[in-house]
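The values are calculated or read from the model by the stated rules, or taken from the named source; none is laboratory data. Computed from a predicted structure; not experimentally measured. Virtual Cβ from ideal backbone geometry, glycine too; neighbours counted across all protein chains shown.
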Amino acid sequence: MAKKFGFITSAFIKICLINFISMFGQSMTNTLIPKFADSLGAAPLIVGVVTSSFSISALLIKPFSGPAIDSFNKKYVLLMANLFIAIAYYGYSISSSVQTIIIFRLLHGFGLGFTVIACLTLVSEAVPDSKLTSGIAVFSIAAAVAQAIGPGLGLALSRQFGYRLTFQIGMSVMLIAAFAVLALDNSKKSNVPFKVSYKNIYAKEALIPAIIMFFLAAVYVNINSYLVLYAMEVNVTNIGLFYTVNAIVLLISRPIIGRLSDRFGVIRVLPLAIVFYGISLVMISYSNSIERFILAAVISAFGYGACQPIIQSLCMKSVTRDRRGSASATSYYGTDLGYLIGPLLSGIVIERFGYAIMFRTIPLMLVFPLLIFFLYIDKLNAIDMKSRRDNLIIPDLSITDSFEK
């Protein structure tokens, strides 16, 4: 099978399935956090604080999680991290105040500080460098499928059974994800000693892609933080369809974009994806019916849905394989900082001008990643081209040949 598909091996399939279960549990419950905080009387800015608070602990733990993943058995690191997230979900179910939610959001962030890095590192080890963008794009389909099912199901369950039982169902899913990790083969013993220093808590080679990721994430997080509340304001009740349609389109767009990036290079794909991303957010700001939201969801799948695997693959390609835990951590430094700052800035805008104006103006932040991209285009292209040369890539005749051969 590995020969037939180029990179799809049993190890790759296992980590994709584990990632799917984990992302399903998270997508089912994370959409509810803003609504749950709102139901407890939180103002928009406080909703932003609740939503983004997990990023604080995720950031604080990453100086340790990157080196730990490079040094210790990734299988057991991932197991423990998923258990922490399960405990956080149980905590949500017993919370009766915004302060309590924030406490368990911090625990949630602690677990995420390990899970996302461990999964991305395991995938990068299971996929040849020459197929890395394609591999990460296909890997991210697990998250897309979970996103297609999770948010709508979570919203439906919360309407039927309430927030607390829905969070406990999410906890059960995370427990399944935790014990599914035991099916992974033991990762090879690393020769890298565990040591926390400025040299291994981040990969300076991946810094530019991580900065780009910061701005992209600071914008994207507002969809998870405020879209449901905005839909309530404009009387659109079935907003779960936005997430479902977005995820379904991602199933199509990500493998194609991954293949295009591997074949032609990321510098020809990333700028256009950022532009699509901005257009989708402006469309959201003018939406007052589910049909308009769905159209925005389709365009968003070719925006942020394309940007994320490209940036992650650049971070992985910028370092040697034994430092990919640190490179993955660097990528998520950008993501977590964006997730921390984005909702706070947007919450201030919402309190003064409303949800529509926020979604209409927040795309202005995308000017910064475009400027950074063009300022460092030679460096980013060098990272991409070096990886392709090192692996003796032969240009493909079809963007879908890895699925057809």
Check on PHE110, free of Cβ contacts under 8 Å to residues at least 40 places away in the same chain and either touching a Leu at 6+ places or on another chain (Cβ under 7 Å) or of a type outside the set (S, T, N, Q) (or both): no
Among helices (runs of 4 or more DSSP H) entirely within segment 221-319, at least 2 residues that are of a type in the set (Lys, Arg) occur in 240-264
Looking only at residues in segment 284-301 that are surrounded by fewer than 24 Cβ atoms within 10 Å (Cβ to Cβ) and of a type in the set (Val, Ile, Thr), which one is nearest to VAL228 (Cα to Cα)? ILE290
Could you tell me whether any residue of segment 191-204 is surrounded by fewer than 22 Cβ atoms within 10 Å (Cβ to Cβ), more than 25 Å from SER65 (Cβ to Cβ), at pLDDT below 90 and basic (Lys, Arg)? no
At negative phi, over 18 Å from the mean Cα position of the chain (by Cα) and modelled with pLDDT of 90 or more: does that describe VAL77? no
Within segment 19-37, considering residues that are over 19 Å from THR115 (Cα atoms) and aliphatic (A, V, I, L, M), the one surrounded by the fewest Cβ atoms within 10 Å (Cβ to Cβ): LEU32
Looking only at residues in segment 1-41 that are part of a helix (DSSP H, G or I) and hydroxyl-bearing (Ser, Thr, Tyr), which one is modelled with the lowest pLDDT? SER10
State all residues of segment 228-247 that are at pLDDT below 85 and of a type in the set (A, V, I, L, M, F, W, C); if no residue qualifies, say none. ALA247
